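Report on the following structure.
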Amino acid sequence: MRALTWQGTEKVRVEDVPDPVLKDPTDAIVRVTSTAICGSDLHLYGVLGAFIDAGDVLGHEAMGIVEEVGAAVPDLRPGDRVVVPFNIACGTCWMCTRGLQSQCETTQVRDQDKGAALFGYTKLYGQVPGGQAEYLRVPQAQYGPIIVPDDGGPDERYLYLSDVLPTAWQAVDYADIPLGGSVVVLGLGPIGQMSARIARHRGAGKVIAVDRVPERLAMAHRHGADTLDQREVDDLPETVRGLTGGRGPDSVIDAVGMEAHGAPLAEGLHKGIAFLPDAIAKPMVKHFGVDRLTALHLAITLVRRGGTVSLSGVYGGAVDPMPMMELFDKQVTLRMGQANVRRWIDDLVPLVSDDADPLGVLDLRTHRLPLEDAPAAYEMFQKKEDGCIKVVLDPALPATGATDADIAGATAVDVAPGQPEGAGPVAPEQP
């Protein structure tokens, strides 16, 4: 099959790899019809190469059609249309039964002292081949895959159940926004976009969305958020306090994580470590790693006294300096962690199945491209070119022949005519 493989820092390639096969009775094989690029994939692309081998298949947001099932998978049949959660969980262990599927005790990567295994995400999380491929082996398929209607509707109606929607829903849940209260969302990539929409859906009275990319700000604005462009605001904390009764927001969601703008020293360390030999880079990341904490420190500054900061952006530092005096003095609550996908699915499936599209899932993807164009798409996404907010890769589309230099403009409309209204790069106003 064809699959996107990691080849080195900021170097990925689509190549032929062996087809996946059933290894355990709880496995299933899924033919991938859509697979998305996540902001977390950029950490592998540019930072965490010490924990990944050349040839590893990337990707953890996928859906498709079941081709084969193991003997211990009673509820799936070949032909079922499914979405695959990014974390691999059994559903029956102590952690899973308490809604902590990201800590599944059956798939925990104990030799790395990490939580549940993830698709396409380094040795730290099990080195399980990912979903940016034509086919995907799904372990723990007796629990993980989510059957969705085979109604002829676009994959983008359901695809984001794999990661984006549960991650954003958990971010809002952890933010503990009072009914009618206020929340600031920092970072308007896919998770930030959906966090802002879900916060409004769940009763927030004021949603303030902050970024520095015009296309991201425009998307958040058309879904009802008050937007602030960091490039144009001299004193962001003072501006936010002015919008929130002088106290600051009840909650802040940090949807940026380790790759925030600013912190040039930490950024330099990230880039430098990425090019070191693995034997040197691994212990440095594990024991001495420092994140770019600009967004997190800003979140702590912005939130009102007694408020809550929710982290959905990924952090990986081991010795990150934290403003403990400020956290303690302001009595701030911090909540964070990998999304427990299955925990939130029952809340989300009715919303994505609703033809009214209350969360605007058909207005998130800006580019639908062939799997073969994935290397150029990664570069475009990393550099935020061509209005790129969310890329969906389609293994069935023929390659456009786009290169890293000319990917800009090869949008959903160009390579996938006939997609539903609202699914392309320019979407209509949402109600």
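The values are calculated or read from the model by the stated rules, or taken from the named source; none is laboratory data. All values derive from a computational prediction rather than experimental measurement. Glycine also receives a Cβ, built like all others from the backbone with ideal geometry; neighbour counts cover every protein chain displayed. To get the accessible areas, we keep the full protein, side chains included, count just its heavy atoms, and leave off ligands, DNA and RNA. Shrake-Rupley method; radii C 1.70, N 1.55, O 1.52, S 1.80 Å.
In the set (1) under 20 Å from the mean Cα position of the chain (by Cα); (2) open to solvent by 10 Å² or more (accessible area, probe 1.4 Å), residue 112 fails one condition alone, (1). Summed over segment 146-177, the residues that are in a loop (DSSP other than H, G, I, E, B) and touching a helix residue (DSSP H, G or I) at 6+ places or on another chain (Cβ under 8 Å) give a count of 5. Selection of segment 198-219 for residues being surrounded by 19 or more Cβ atoms within 10 Å (Cβ to Cβ) and within 17 Å of residue 254 (Cβ to Cβ) yields 198, 199, 204, 207, 208, 209, 210, 211, 216.
Which one of 155, 150, 163, 113 is closer than 30 Å to residue 7 by Cα and modelled with pLDDT under 95? It would help to see each step written out before you state the result.
Details: 155 fails: modelled with pLDDT under 95; 150 fails: closer than 30 Å to residue 7 by Cα; 163 fails: modelled with pLDDT under 95.
113 is the lone residue from the list that is closer than 30 Å to residue 7 by Cα and modelled with pLDDT under 95.
I'm trying to understand the selection: among the residues of segment 343-378, which are in a loop (DSSP other than H, G, I, E, B) and open to solvent by 10 Å² or more (accessible area, probe 1.4 Å)? Steps first, answer last, please.
Here is the first cut: in segment 343-378, the ones in a loop (DSSP other than H, G, I, E, B) are 354-366.
Correct list: 354, 355, 356, 357, 358, 362.
Contact map, segment 195-209: residues that are at positive phi paired with residues that are small (Gly, Ala, Ser), Cβ distance under 9 Å, separation 6+ or inter-chain. Pairs shown: 203/180; 203/181.
Taking the condition under 27 Å from the mean Cα position of the chain (by Cα) and not aliphatic (A, V, I, L, M), does residue 231 pass? When the stated conditions are applied, residue 231 passes them.
Looking at residue 222, is it within 30 Å of residue 75 (Cβ to Cβ) and basic (Lys, Arg)? It is false that residue 222 is within 30 Å of residue 75 (Cβ to Cβ) and basic (Lys, Arg).
When segment 280-339 is limited to residues that are at pLDDT 90 or above and over 22 Å from residue 187 (Cβ atoms), the one that is most open to solvent (accessible area, probe 1.4 Å) turns out to be 328.
The single condition among (1) surrounded by 20 or more Cβ atoms within 10 Å (Cβ to Cβ); (2) outside any helix (DSSP H, G or I) that residue 180 does not satisfy is (1).
Residues that are in contact with a Lys or Arg (Cβ under 8 Å, 6 or more places away or on another chain) and open to solvent by 20 Å² or more (accessible area, probe 1.4 Å) within segment 140-172 comprise 143, 147, 149, 150, listed in sequence order. The residue of segment 1-24 that is modelled with the highest pLDDT, among those that are open to solvent by 30 Å² or more (accessible area, probe 1.4 Å), within 30 Å of residue 337 (Cα to Cα) and touching a Gly at 6+ places or on another chain (Cβ under 7 Å), is 24.
How many residues does segment 59-72 contain that are open to solvent by 10 Å² or more (accessible area, probe 1.4 Å) and hydrophobic (A, V, I, L, M, F, W, C)? The number of residues fulfilling the criteria is 4. If only residues of segment 183-215 that are in a loop (DSSP other than H, G, I, E, B) and among the basic types (Lys, Arg) are counted, the one that is modelled with the lowest pLDDT is 212.
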